[in-house]
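The values are calculated or read from the model by the stated rules, or taken from the named source; none is laboratory data. Fair warning: this is a prediction, and the values are worked out from it, not measured in the lab. Neighbour counts run over all protein chains shown; Cβ positions are idealised from the backbone, glycine included.
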Amino acid sequence: MDLDKELLNAVFKISEDAIIVCDHDNKIIRANTSFNDLAGYSESEVLGRHLFKKDERNRERSFIEILSTRDEEALSWSGRVMIRRKNGEAKLSEAVSYTILDEHRTPQKRLTIIRIIPDRMAEVTGTEINPQYDPLTGLPNANLLNDRLNQATIAANREQKSVAVLLIGLDRFNMVNDGLGFEMGDLVLKEIGARFAGTIRKSDTIARFEGDRFCLVMIVASSDDSVIVAEKILKAMQTPVEVAGSEIYLTASIGISIFPADSDSGFNLLKHSESAMRHIKKSGGGGYQFYSGEMNVKAKQRIDLENSLRHAMEHNEFVLYYQPKVDIVTDKIVGAEALIRWKHPERGLVPPGDFIPVAEESGLIISIGEWVLRKACMQCLSWREKGLPSIRISINVVAPQFRSKRIVDQITETLEETGLPPHCLELEITESILMGEPLIIVETLNQLRKMGISISIDDFGTGYSSLSYLSRFPINTLKIDRAFIFDLQKNHQNAEITRAIIGLSRSLNLEVVAEGAELLEHIDFLREQGCDTVQGFFYSKPVSSDEFETLLRDGFQKV
């Protein structure tokens with residue numbers, strides 16, 4: 001007789017804790033009496049069924065829903081779970097699970113021990129544990145919220161009142177989970193839920209809607225009532241959350257929709273409040289926003305614009321314009337900035353400010369950037385082959401494009417395909433790009449410089465201007481932002497900043513380009529200060545490739 005095995009069998013049978021043994025696919029192969037009593041199933045109903053909820057499709061075939069983060073590859077884990085009983089009840093529990101390995105350290109079985117948490121929900125909310133309440137915060141969950149919302153609209157309709165739906169999203173909450181861990185994040189959510197519950201009337205419903213989003217449903221006499229509560233919620237967020245000795249500062253974005261003004265459907269009210277919440281988040285968060293039909297119009301326009309962008313390349317709707325860069329001493333064109341334009345078949349010429357942000361958000365900017373690079377290089381080579389004065393072509397590189405792992409290979413391939421000498425290409429990047437991972441950025445820039453490509457810092461002075469990166473990064477040129485040039489003759493401070501940037505560039509042996517020069521006074525000032533190159537309407541606006549070719553032959557034109 002194997003005494004160890006018999007001893008384990010005895011412990012398995014008499015333990016008050018629920019114990020389950022599963023195979024490698026989480027199918028139950030053995031369960032003790034305590035688990036059968038807890039789940040409310042007989043032994044025959046338990047064996048062969050999945051223990052854990054794996055996805056929505058097998059929810060009814062599982063007994064436990066895991067509420068804590070779990071690494072399925074880990075050999076052991078512990079955390080909160082919800083036991084789904086046969087009669088429909090739910091029990092908040094704690095579980096610990098161990099993986100049993102064979103002699104080859106291959107997972108064979110998993111042993112899980114479950115212990116009920118007595119009256120945990122009753123302590124939080126004074127209610128019994130049931131599937132309609134969020135087990136973490138004790139607040140109503142989305143299912144109960146929908147029911148309360150429907151009841152509120154019926155009551156408001158009868159009383160000729162309104163219903164306000166406030167969807168509350170915590171701003172940048174993922175930073176808490178990423179920085180402090182999910183357990184700390186759960187504690188923060190629990191505290192925030194309690195604060196929100198303290199701001200409402202007994203007749204109102206505050207629910208944990210999903211993740212770090214909460215939802216408040218309240219019957220109101222006017223929309224002003226919802227503003228009062230929204231401001232109370234924002235005020236409640238001003239005090240930091242203290243968790244495990246740490247102070248965590250958070251803000252919230254609140255989207256508000258009103259029944260029946262915005263919709264008579266509970267589903268649409270939630271959808272509209274979410275739209276308003278997203279709108280305030282995009283504006284920086286920490287405030288509230290009422291839903292308006294205009295948001296739907298803008299959202300549809302945004303979707304239409306993205307869809308049109310996806311087809312623009314296939315239909316050859318993009319075109320490059322070129323703005324001359326002129327030597328301020330000789331008045332000769334020494335370079336050109338390639339500027340993309342979109343000739344939309346219905347909207348006409350779409351300015352970059354309208355579609356570049358959409359291209360960045362949708363991920364299309366990478367392919368658009370590749371097109372600009374290839375097109376500009378081909379055009380520059382064409383001018384050289386026609387015997388026109390040799391110039392350097394500049395293209396703007398946005399952050400997603402520059403941080404792409406293929407940026408160096410992509411530029412190398414383009415130069416090889418087009419035959420343009422590397423010294424004829426300049427990349428214009430913004431200061432914000434340099435604020436990423438310094439080692440990777442320096443390595444990328446060094447590779448590009450070794451190829452002979454020039455690097456220019458665009459819009460210098462408007463972003464993260466720092467003297468440290470001017471010496472640390474391999475840069476050729478500083479480009480003074482047009483905002484400093486625009487009112488040089490009237491704004492003494494801008495004139496001093498421009499003078500300082502030019503002086504700094506000369507001391508660091510960097511070329512300096514001033515953009516936005518429109519007046520003779522601008523040119524005179526910049527020439528006097530020792531600026532190298534000027535780009536602006538004084539010499540020429542951005543023009544088509546044919547017009548630029550004429551400028552190269554005949555010289556610049558004044559507008």
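Find all pairs meeting these conditions: Cβ atoms under 7 angstrom apart; at least six residues apart or on different chains; first residue within the range 154-183 and free of Cβ contacts under 8 Å to residues at least 12 places away in the same chain; second residue surrounded by 13 or more Cβ atoms within 10 Å (Cβ to Cβ).
Final answer for the pair search is N177/G185.
May I ask you to list the residues in the range 234-275 that are part of a helix (DSSP H, G or I), more than 20 Å from G198 (Cα to Cα) and more than 17 Å from the chain's Cα centre (by Cα)?
G266, F267, N268, L269, L270, K271, H272, S273
Would you mind stating whether F538 is in contact with a strand residue (DSSP E or B) (Cβ under 9 Å, 6 or more places away or on another chain), within 30 Å of Q379 (Cα to Cα) and at pLDDT below 90?
No: the conditions fail for F538.
Being in a loop (DSSP other than H, G, I, E, B), under 17 Å from R392 (Cα atoms) and either at pLDDT 90 or above or not assigned by TED's automatic domain parsing to the domain that holds S390 (or both), is that true of even one residue in the range 502-515?
Yes, some residue in the range 502-515 is in a loop (DSSP other than H, G, I, E, B), under 17 Å from R392 (Cα atoms) and either at pLDDT 90 or above or not assigned by TED's automatic domain parsing to the domain that holds S390 (or both).
Per-residue answers, yes or no, for (1) outside the structural domain of I19 (by TED's automatic domain parsing); (2) modelled with pLDDT of 85 or more; (3) within 37 Å of the chain's Cα centre (by Cα); (4) not in a helix (DSSP H, G or I):
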residue	(1), (2), (3), (4)
A95	no, no, yes, yes
K109	no, no, no, yes
R148	yes, yes, yes, no
N157	yes, yes, no, no
G179	yes, no, yes, no
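Going by the structure shown, is G169 crowded, with 20+ Cβ neighbours inside 10 Å and either part of a strand (DSSP E or B) or in contact with a helix residue (DSSP H, G or I) (Cβ under 6 Å, 6 or more places away or on another chain) (or both)?
yes
Condition first: in contact (Cβ under 8 Å) with a residue 60 or more places away in the chain, buried (at least 16 other Cβ atoms within 10 Å of the Cβ) and assigned to a loop (DSSP other than H, G, I, E, B). Now tell me which residues in the range 18-41 satisfy that. I'd like the intermediate steps shown before the answer.
Of the residues in the range 18-41, the ones in contact (Cβ under 8 Å) with a residue 60 or more places away in the chain are 18-24, 26, 29, 35, 38.
Among the residues that remain, those that are also buried (at least 16 other Cβ atoms within 10 Å of the Cβ) are: 18-22, 26, 35, 38.
Passing the criteria: only N26.
What number of residues within the range 439-454 satisfy the criterion of being closer than 22 Å to S505 by Cβ and surrounded by fewer than 18 Cβ atoms within 10 Å (Cβ to Cβ)?
4
Please specify each residue of the range 358-384 satisfying the condition of being among the polar types (S, T, N, Q) and either farther than 16 Å from S404 by Cα or under 16 Å from the mean Cα position of the chain (by Cα) (or both).
S362, Q379, S382
Would you say R148 is of a type in the set (K, R) and farther than 25 Å from H279 by Cα?
Values: of a type in the set (K, R): yes; farther than 25 Å from H279 by Cα: yes.
Considered against the rule, which asks whether it is of a type in the set (K, R) and farther than 25 Å from H279 by Cα, R148 comes out as yes.
Could you tell me which of the residues I248, I303 is β-branched (V, I, T) and free of Cβ contacts under 8 Å to residues at least 40 places away in the same chain?
Within the list I248, I303, the selection yields I303.
Which one of the conditions (1) under 25 Å from N141 (Cβ atoms); (2) modelled with pLDDT under 85; (3) surrounded by 12 or more Cβ atoms within 10 Å (Cβ to Cβ) does K202 fail to meet, given that it meets all the rest?
(3)
State the number of residues belonging to the range 306-334 that are free of Cβ contacts under 8 Å to residues at least 60 places away in the same chain and hydroxyl-bearing (S, T, Y).
Number satisfying all stated conditions: 2.
Give the number of residues within the range 356-399 that are farther than 18 Å from P542 by Cα, polar (S, T, N, Q) and part of a helix (DSSP H, G or I).
The qualifying residues number 3.
Kindly list, by first and then second residue, each pair from a residue in the range 220-232 that is touching a residue at least 24 places away in the same chain (Cβ under 8 Å) to a residue that is in a helix (DSSP H, G or I) and surrounded by 13 or more Cβ atoms within 10 Å (Cβ to Cβ), limited to pairs with Cβ atoms under 7 Å and residues at least 6 apart or on different chains.
As it stands, the answer is V220/S226, since those pairs meet every condition given.
Name the single residue that is farthest from the chain's Cα centre (by Cα) among those in the range 319-333 being surrounded by 18 or more Cβ atoms within 10 Å (Cβ to Cβ) and part of a strand (DSSP E or B).
This residue is I333.
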